[in-house]
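These notes concern the structure reproduced below.
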Amino acid sequence: MTNVSFDNFLINFGFGSKAEKQEILKANPEKHVIMDLTCYDPQEFYDEYPQLKGTFAALFCDENKKIELHCLKHEPEVIAKFKELGYSPIETTIVSCGFVFPRTIVQIINEAHFALEDDVASKEDINRAMKFGVNYPKGPFEWSEGKELYVKTLLNELLQKTGDKRYVPSKLIK
Amino acid sequence: MNISKVIVIGAGTMGSGIAQWFTQQNCKVELVDNSQAQMEKALKDIHSSWDKLAEKGKLSNVDELKKNIKISPMDQLSKDADLVVEAIIENLEIKKELFKKLDAYFESHTILSSNTSSFPIALMAEAVSDKRKPQFLGLHFFNPATIMKLVEVIKGKDSSEKICRDLYSWFDSKDKKPALCKDSPGFIVNRVARNFYGEPLRIVNEEDETKIKEVDNILKEVGGFKMGPFELMDLIGIDVNYSVTCSVWEAYDKEPRFAPHKLQKQMVDEKRFGRKAKRGFYKYD
């Protein structure tokens, strides 16, 4: 994880464990913290840590550098800093475990893994089907490449938060 | 594999699109439908589409293409076709009855296929003779068939592995992107895509136009999708999407990953089917 400090703000990038995220907040009680919480429920953190002023989701951020950003109040300096760092923040008012795009995409990735588990098709054919049958910008396995640990973390977090078995991860997500 | 003569059965949107695409691959195509008016309309639309492409300079062999497609009554179809693609109404009994007739009518080398999106290939294959079963499979095209690149090549229980692979290679050599898949509910796309709708529905959870717009916007802006899930459900038809969701859910023994959301049922009950009803997740007055 990396931190970027400016004025009284601290932006925390990266996808550490919940405990690691909490440690950063505890170590910075006087700062206004903006934190990547892609794999967790932002509300849980807002409730516990008043120094947390905003959250964002950069796990699936690609070359377009667009990220979902939620701030408790409009923070022009934060937006300017993200832009300076090369990101294009898309502000949201929705506070949801896994935000909007990561939460949707991990479920698509999970189903693609279940289909692979069931031997429905190869990874390549599943990627191809989703790109050329419904115009997805990437195939599910292209999205999850190198990120499976975090995909599984978010699915488990959703499972724990909701108790809904729809979030049980495929055993092929390791 | 040589595919030079193709029969397309059903002259609706999918059937006529499939017929047009095969003709554009220099195949000789016969398009058949129960309704003479429907066949004539489909042929007129296909010709008109080629004329427009020619006007734009995107097509040069219109006259040749027009010669290579014809509409035909069922009892006058060429018995020596290489491939038959069925694209009729999604009714299992009607399809089975049709395949029984087709099996008896066509020569032994003809491959019979279904463009079904919802029925197991194995169930339809019950209608054909044991001799034909290796040459029976699914070919699931996507709408519009002349533009969407994907064809799911679905291998049924008794489909020949070689025929499926040869067809895969044949489509691959044309301007299609085939995907080989097992005969299982929803095949690839209608299974994996379910959560593109199901998860956003759970994120908004109730009718809230601001949230719905925001979710659509994020998935387009951040995710790079061409349409947001709510816009897309409105376009497809909320009733159609709900029906596919229920069908996949039932087929997987009510597996929670495929469970429909209460909002879908509520909107169907209220006849808010999307664009076609001018009311869906958005209003279209």
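Couple of notes before you dig in:
- Single residue of the stretch B:16-73 satisfying the filter (hydroxyl-bearing (Ser, Thr, Tyr) and over 21 Å from the mean Cα position of the chain (by Cα)) that is surrounded by the most Cβ atoms within 10 Å (Cβ to Cβ): B:72
- Qualifying residue in the stretch A:7-19 (condition: in a strand (DSSP E or B) and in contact (Cβ under 8 Å) with a residue 60 or more places away in the chain): yes
- Failed item in (1) among the charged types (D, E, K, R); (2) more than 9 Å from every other protein chain (Cβ to nearest Cβ); (3) in contact with a strand residue (DSSP E or B) (Cβ under 6 Å, 6 or more places away or on another chain), with residue A:157 passing the rest: (3)
- Selection from the stretch A:114-124 of residues that are crowded, with 24+ Cβ neighbours inside 10 Å and within 17 Å of residue A:151 (Cα to Cα): A:115
- Extreme residue, surrounded by the fewest Cβ atoms within 10 Å (Cβ to Cβ), among residues of the stretch B:205-228 that are facing chain A (nearest Cβ under 8 Å) and more than 17 Å from residue A:131 (Cβ to Cβ): B:210
- Single residue of B:206, B:255, B:214 found to be of a type in the set (D, E, K, R) and closer than 26 Å to residue B:125 by Cβ: B:255
- Of the residues making up the stretch B:268-278, not a single one is more than 25 Å from residue A:142 (Cβ to Cβ), under 19 Å from the mean Cα position of the chain (by Cα) and without any contact (Cβ under 8 Å) to a residue 24 or more places away in the chain.
- Residue check, residue B:191 facing chain A (nearest Cβ under 10 Å), in a helix (DSSP H, G or I), basic (Lys, Arg) and under 22 Å from the mean Cα position of the chain (by Cα): yes
- Those helices (runs of 4 or more DSSP H) lying entirely in the stretch A:75-145 with at least 1 residues modelled with pLDDT of 95 or more and either within 9 Å of chain B (Cβ to nearest Cβ) or under 15 Å from the mean Cα position of the chain (by Cα) (or both): A:101-117, A:123-133, A:140-144
- When the criteria are applied in full, residue B:283 meets the requirement of being more than 14 Å from chain A (Cβ to nearest Cβ) and either surrounded by fewer than 19 Cβ atoms within 10 Å (Cβ to Cβ) or of a type in the set (Gly, Ala, Ser) (or both).
- Output for the stretch A:46-64, where each listed residue is in contact with a Ser or Thr (Cβ under 7 Å, 6 or more places away or on another chain) and not in a loop (DSSP other than H, G, I, E, B): A:57
- Residue within the stretch B:233-243 that is polar (S, T, N, Q), more than 11 Å from chain A (Cβ to nearest Cβ), out of contact with any helix residue (DSSP H, G or I) (no Cβ under 6 Å at 6 or more places or on another chain) and over 17 Å from residue A:92 (Cα atoms) present: yes
The values are calculated or read from the model by the stated rules, or taken from the named source; none is laboratory data. On a predicted model such as this, the values are computed, not experimentally measured, just so you know. Cβ atoms come from the backbone with ideal geometry, glycine included; neighbour counts cover every protein chain shown.
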